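See structure below.
Just so it is clear, none of the values below were taken in a lab; they were calculated from the coordinates. Note that the structure is predicted; figures quoted are calculated from it, not measured. Neighbour counts run over all protein chains shown; Cβ positions are idealised from the backbone, glycine included.
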Amino acid sequence: MDGTVAASGALDGGAAVDGVVLAAEPADSGVDTADVSAMDVAASDADAVRVAESPVAGSDLNGSPAAGSGAAGLDIAELEVAASISTGSIDALPDGVALEEPGTGSNPAVIGEPGYGGTESGALFDVDMPVRLPSAISPSRAGDFMQCPLLFRLRVVDKVPEPPNAAATRGTLVHAVLDRLFDLPAGGRTPDEAAALLQPEWDRLLAKTPGLAELFATPEDLAEWLASAKSLVGMYFTLEDPNRLEPAEREWFVRTVVGDGDDRFVLHGVVDRLDVAPNGLLRVVDYKTGKAPPAAYEAKNLFQMKFYALVLWKLRGVVPKRLQLIFLGSGEVLTYDPDERDLRGVERKITAVWAAIRAAAQRREWPPSPSRLCDWCSFKDGCPAHGGEVAPAPIVEFTPVPSGNAGAS
């Protein structure tokens, strides 16, 4: 494999029993993993090491990797299977699909992702009025397109509002608490102090989005939900000792530019935590409030982490030593050690995804890709694959990336 796997607990929170892969339960969403797209069974899964209820470890990033090498399992052809956007191969997509340059003057439908200039939201617009989008992609939106091009369109192009749900909101709350936890001095980062952060962080979320209160019919429902969040926060302390960590970055927005000329586009996302060892080794950490997926279906989460690793490699010139996923729902830690060839394969895949998105926009065709995942899609009732209807797709124009427009905030 292109990535190598640590055979011992050399990194904090990622202590691994050599060669052990536990039989995990499906993620909280209850998705039938037998129907997960082809990209989720990439051979690179075998490179990951998983540990359940790991003993608390230190913060040393100087572990030595176990032997292991081989092909990356990042076949571009998988993308066509996952996205189902055309009968031709993704490899046949022309480089730099030509799109009409964004118009000037009055353009009432200027829509974009946060941080990239978009100002409007909602799906009600004249299809003859172009929607302007940034030339940018995050791991979540790339995953949306590979899962279902129509899902990508409804979220990114049409900006159709989606109702909040309790599980996702709980994830936001737990992430906020684990971030704030590191504002406390070492020695004071205890389970009780973390639990005490839940109510003020919930109040903060509620002040920002008052509609979240409608998720709970009674005070008892809210109390039960907060108790479940407290349980997840408590699980964190069984997997890491935060008093032995001083993260270099937390909730860190990163971005970099890939491609050349008119084909340039931005990779961006938010890294939950970056740890930097005294010798410069990097560890990228992501918290998941759900349960770890079965070993055969880890590639979706690993794709997100490799995406971040690619961005950091571009920004810092150093391949992260370790990618670490902490699954609080099942008390497991999944680790993966990438290398340069691995990340080059990820870049090829992301570039193919971006070319496919631009081709879909040019054709104004965003077909649905039905699967068991549809049962968890908020757009299912209106989806043509399930008897619904969607309006004709609007014209999409992509804003060019200015030269030198890269970096992290």
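Site pair Ala168 and Ser140 shows an inter-label distance of 0.7 nm when each label is modelled 7 Å from Cα along Cα→Cβ. About its Cα centre, the stretch 166-244 has a charge dipole of approximately 200 debye under the convention of +1 per Lys or Arg Cβ and -1 per Asp or Glu Cβ, with nothing else charged. Net length available on complete extension from Val318 to Ala196 is 40.2 nm, with 0.36 nm assigned per residue and the Cα-Cα distance removed. Between the alpha-carbon centers of the stretch 180-199 and the stretch 349-406, tell me the distance in whole angstrom. When both Cα centres are located, 41 Å separates them. Going down the list Lys314/Lys380; Lys159/Lys321; Lys159/Lys291, which pairs span over 31 Å between their C-alpha atoms? Pairs exceeding the cut-off: Lys314/Lys380; Lys159/Lys321. Which percent of the Cα-Cα distances in the stretch 298-358 go past 17 Å? Percent of Cα pairs beyond 17 Å in the stretch 298-358: 42.
Spin-label model, Lys380/Glu249: points 7 Å from Cα along the beta carbon direction are separated by 3.7 nm.
Over the stretch 170-234, the Kirkwood radius and the radius of gyration, each from Cα atoms, give a ratio Rg/Rh of 0.99.
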